[in-house]
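Notes follow once the structure below has been shown.
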Amino acid sequence: MTDFLSLAYPWVKSLHVMAVISWMAGLFYLPRLFVYHAERGQNGGEPAQSFQIMEEKLLRMIMNPAMVVTWLAGLALVLTPGVVVWSDLWPWSKAAGVLGMTWFHMWLAGQRKALARGQGLTGRRYRMMNELPTLLMVVIVVSVILRF
């Protein structure tokens, strides 16, 4: 099995990077949709219905699969011999960042349901939360590239 992982490493890493890009795009865009939904779509009718469709499809058709592939490919990379030195700090800081991203993803899924019920946060609050994936991305990228 470890021989297979070593041979597949460049392919798995490529898949991981593509999945992360897709996941991050959704993590950046969904809170922006929430801002518009909270500010322009709370009176019911057409804007609210359109926002709900866009939010649901983005989450279900792009973000959820991208997150799953990111996790599966990432775990395959972690299991590849020689990739991770567990005595270093970087795999732990990256793991903390990935867990933070996953929590944010789940929080967004809950907010989508709350907005559909007319119980979401304000547009300003969603704008503020939209900065969280950027901060987590910085932690993850710096951890992996600098390997401190």
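The values are calculated or read from the model by the stated rules, or taken from the named source; none is laboratory data. Just so you know, these numbers come straight off a predicted model, no measurement behind them. Please note: Cβ atoms are built from the backbone with ideal geometry, for glycine as well, and neighbour counts cover all protein chains shown.
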Item to check | Cβ pairs under 7 Å, 6+ apart, first in region 121-148 and under 14 Å from A95 (Cβ atoms) and small (G, A, S), second part of a helix (DSSP H, G or I) and modelled with pLDDT of 95 or more | outcome: S143/W90; S143/S93; S143/K94; S143/G97
Checklist entry - Can you tell me which of R125, R112 is in contact with an Asp or Glu (Cβ under 6 Å, 6 or more places away or on another chain) and at pLDDT 95 or above? => result R112
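Give region 128-142 a look and list any residue that's crowded, with 16+ Cβ neighbours inside 10 Å, of a type outside the set (V, I, T) and assigned to a helix (DSSP H, G or I), or say none. I'd like the intermediate steps shown before the answer.
Our first condition is that a residue be crowded, with 16+ Cβ neighbours inside 10 Å; within region 128-142, this holds for 129-130, 132-133, 136-137, 139-140.
If we keep only those that are of a type outside the set (V, I, T) too, we end up with 129-130, 132-133, 136-137.
If the condition is that a residue be crowded, with 16+ Cβ neighbours inside 10 Å, of a type outside the set (V, I, T) and assigned to a helix (DSSP H, G or I), then M129, L132, P133, L136, M137 are the ones that fit.
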